[in-house]
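The values are calculated or read from the model by the stated rules, or taken from the named source; none is laboratory data. As the structure is a prediction and not an experimental result, all values here were calculated from the model. Here the Cβ positions follow ideal geometry from the backbone for every residue, glycine too, while neighbour counts run over all protein chains shown.
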């Protein structure tokens, strides 16, 4: 697009002034108050217009109006003349105040506003694939607002994605995401308590249905429990009646049991008394009989007097027994083996002392040794894998590396793009259309001449025969024309309504509402076709002339028909000629544009020091990528090798310090020092092992001394026991006085002592047997005296006979009492069975049982009455609940319906979430694809603008934040640099965005206001060279500046035709 001129009818301080712009670089220079910023804003307003719509204006629109309204006029108008890339010349005019008289007219006066409508008003930046907001954020740079592109990053996202993903179409992942989110919000919503969207409604409805279903189930379960409880109450009442009857019968049985138990108790007492008396008499008779038998036996074997005792030598026997025990318990003298205490002391005196220093290699020193060896191995392995730094002798390859090999394929693509050649057939078609137009014009002129002659003839003829018929025909024709006009108005309204519906349908389809859009599109097409049909029928009715009435009228009618045919043919020929001319101009413009783009790519390649051959560029790109990878590999190896060597030096230093700390100083070979330290540890360990034997030998010596002392004590005890043994043997006469005084403990003597102890033991055994026989005789004599108890044997026999007769009489009386008791017992057993009492009965059981049965009867009667009342009440509750129970099946169906709706909404939400994730992945892919393009665009001019201080840039397409790579390789945020550098970096970003966000079939102009204010002279000249290079490549650049150096540069470098300098003066008041 090329803005040829801008006219400010009333804009700020400007009144009816025009600014003419060159197709290349236009530098507009002027002092302060020369209206530079006003002209800059006027160009933007003339191209893009202002938003028109309902509601209050946005803040930026209000600020723009406050700053740019005319100072002394009520009207606020501006217009511009532009040439589109397809060759069309268009006039854009805007009534910025009323926002009504806004249009875009081509050279033939046709309104093209429908092609570029945005937010209710024509927007010329739509031809560039942008809109007035994104154009202002990229191609239109206001004074001191270079960094405002960061604030407009959100508005630019749609255009960024469209440019990177769809090559200029309007559909983007962002718009699709917004549509999906809006549809999800409307048709699903969030599961929150205060939400009123379908998901929450479905959740609430499902919860209500589930709650109602649970209540119905609980009510039904309560009803069933009432029925069960009622049945149980009826059963319990019947059982209580049966229990009452059983309790009455049990009470009668208990009364009978009490009576029988009293009789059994009386009989049992009598039987027991009789049996006790019989047992007593029988036992007495038996005892006296046994004593009589014993007395008879003892008196036959014993003397009449008491036998004598044998305890005169008890003291000697006790001494002999003690001596034997002492000898047998005397300790045995142990025989000691092994070295003596003297020998052990001699070994202890010959042991070495415990050494000083490490006995084992310290783990920390060993670990340091391993670290050192490992680090040395790593360094040697790194040296074996050495990577040499690749050298480059090809200047083209060096240039490719400097220009970033990743950007070369894009440059090669532009160089290899075909140049559209002008089609000779289009020129031939234009020539043929021009000839047809001339022929049609000649035929139309001849037909008009014939019509004029026929009309004059008809006028003369009407003067002779009267004008009534012609007047009647004219009246009829007027009526017909009026009717046709009415039909035409109806047709126009119908067709217009259809067109509006089609426009709304297209908008809805783009926004992602296919159902409503399809319905409106169908209705709109129907209305549009109906309107067109009415218009065609109206056209035919409107041109119907009144029927001729005379021959002259017939000739006039025929002439008029020829005129109409000639005019129609002329119009068709003119349309054909204009179409052919437009096709030819479009083809010529496309050829020129493609050639200009290819030339710009060649110039760019030359500036970068690269060949202008696409295949060579692709080869250089591949070689550059490989060489860059090799250099990166070398740098990676170099950094790793330096790090390994540093680790080796550090580990060796720690290893040496550890050895020095243990006394191994001045060793040149570190490993040899470690070996000496290791051998010394082995020697000290062996010495320590010898020194550790001292404690063991000390313990052995102490044990040996204790063993020798114990042996000596045992020998003394045994000698004393042997002496006592011999003294006892002398006392009982078993040895002589000489043997008794011997004290030797030799082995033979010990054997004789054992034999002597055995002889003494035999003496004790013989004495014990003699004493035992004497004791038995004495005991038998005393037993006889006890049995006789002062009586004679005959007296005892008479007493026994009397006791036997009394025992027989007592046994007969006890038998009679026992028979009576057995009869009563059988009766009690039968009564116990009848009363269900345990048998045999314990004391008081019958009375307790009678009392319990009486209480049971009373309790059973009370329980029967209570259960009968409860059963009657339960029957009433069941009848009442049965009338009010809800329908469980209907509640379950409601739950199923609510669950189906909830699952439907949740499934829809899952589908929309999955769609959103896919769209986000597509959005991220868009950012990934666009980032290298923006980086390459900035890298192209960044070194030149910054004087080589920064050579590479990295752009985040999502936030439009830029980081630049300094000479040291560090990345820094551009907005944190100096104000001038930051503005220059973001100026390059805006140029890149203006180039890559615009449609690929168009070239967006750049409107720059005071972008060199913060630049030094060197950078100012670099910026101007960049602007001229962009203009040479086919892009229109309008630069406003106030520095004198900019004007001087323009006078030197601009040719005055393709590139011009415009000087502004302070405008006069209107």
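Pull up the stretch 76-88, narrow it to residues that are in contact with a strand residue (DSSP E or B) (Cβ under 8 Å, 6 or more places away or on another chain) and either part of a loop (DSSP other than H, G, I, E, B) or without any contact (Cβ under 8 Å) to a residue 60 or more places away in the chain (or both), then point me to the one that is farthest from residue 42 (Cα to Cα). So, considering only residues that are in contact with a strand residue (DSSP E or B) (Cβ under 8 Å, 6 or more places away or on another chain) and either part of a loop (DSSP other than H, G, I, E, B) or without any contact (Cβ under 8 Å) to a residue 60 or more places away in the chain (or both), the one farthest from residue 42 (Cα to Cα) is 88. Before we move on, is residue 837 in a loop (DSSP other than H, G, I, E, B) and in contact with a helix residue (DSSP H, G or I) (Cβ under 9 Å, 6 or more places away or on another chain)? Taking the combined requirement at face value, the residue satisfies it.
Where helices (runs of 4 or more DSSP H) fall entirely within the stretch 113-226, those with at least 3 residues that are surrounded by 15 or more Cβ atoms within 10 Å (Cβ to Cβ) and at pLDDT 85 or above are at 132-137. The set of residues from the stretch 936-963 being touching a strand residue (DSSP E or B) at 6+ places or on another chain (Cβ under 6 Å) and farther than 15 Å from residue 402 by Cα comprises 954, 955, 962, 963. Is at least one residue of the stretch 745-764 at pLDDT below 70, loosely packed, with under 10 Cβ neighbours inside 10 Å and not in a helix (DSSP H, G or I)? Among the residues of the stretch 745-764, at least one is at pLDDT below 70, loosely packed, with under 10 Cβ neighbours inside 10 Å and not in a helix (DSSP H, G or I), which makes the answer yes.
When restricted to residues that are outside any helix (DSSP H, G or I) and surrounded by fewer than 14 Cβ atoms within 10 Å (Cβ to Cβ), the stretch 634-682 contains 6. Scanning the stretch 568-582 for residues that are surrounded by fewer than 16 Cβ atoms within 10 Å (Cβ to Cβ) and at pLDDT below 80 yields a total of 7. Identification of strands (runs of 3 or more DSSP E) wholly contained in the stretch 1-75 with 1 or more residues that are under 28 Å from residue 1046 (Cα atoms), at pLDDT 85 or above and out of contact with any strand residue (DSSP E or B) (no Cβ under 6 Å at 6 or more places or on another chain) yields 14-20. Given 259, 234, which one is in contact with a helix residue (DSSP H, G or I) (Cβ under 7 Å, 6 or more places away or on another chain) and part of a helix (DSSP H, G or I)? The unique qualifying residue is 234.
Any residue at all in the stretch 992-999 that's touching a helix residue (DSSP H, G or I) at 6+ places or on another chain (Cβ under 9 Å), surrounded by 18 or more Cβ atoms within 10 Å (Cβ to Cβ), farther than 15 Å from residue 934 by Cβ and at pLDDT 85 or above? No: the stretch 992-999 contains no residue that is touching a helix residue (DSSP H, G or I) at 6+ places or on another chain (Cβ under 9 Å), surrounded by 18 or more Cβ atoms within 10 Å (Cβ to Cβ), farther than 15 Å from residue 934 by Cβ and at pLDDT 85 or above.
Screening residue 981 against (1) in contact with a helix residue (DSSP H, G or I) (Cβ under 6 Å, 6 or more places away or on another chain); (2) modelled with pLDDT of 85 or more leaves a single unmet condition, (1).
Meeting the requirement of 1 or more residues that are over 45 Å from the mean Cα position of the chain (by Cα) and within 29 Å of residue 14 (Cα to Cα), the helices (runs of 4 or more DSSP H) wholly within the stretch 978-1067 are 1017-1032, 1044-1053. Is there a residue being in contact with a helix residue (DSSP H, G or I) (Cβ under 9 Å, 6 or more places away or on another chain), in a helix (DSSP H, G or I), under 30 Å from residue 286 (Cα atoms) and at pLDDT below 75 anywhere in the stretch 796-819? Yes - at least one qualifying residue is present in the stretch 796-819.
Residue 595 satisfies every condition listed in (1) at pLDDT 75 or above; (2) under 30 Å from residue 446 (Cβ atoms); (3) under 60 Å from the mean Cα position of the chain (by Cα) except (2). Per the listing 437, 411, 426, the residue uniquely surrounded by 14 or more Cβ atoms within 10 Å (Cβ to Cβ) and closer than 30 Å to residue 611 by Cα is 411. I'd like the full set of residues that are over 21 Å from residue 352 (Cβ atoms) and modelled with pLDDT of 80 or more, limited to the stretch 664-693. Once the filter is applied, which keeps residues that are over 21 Å from residue 352 (Cβ atoms) and modelled with pLDDT of 80 or more, the stretch 664-693 yields 670, 671, 672, 673, 674, 675, 676, 677, 678. For the stretch 683-692, the condition of being loosely packed, with under 14 Cβ neighbours inside 10 Å and not in a helix (DSSP H, G or I) holds for none of the residues.
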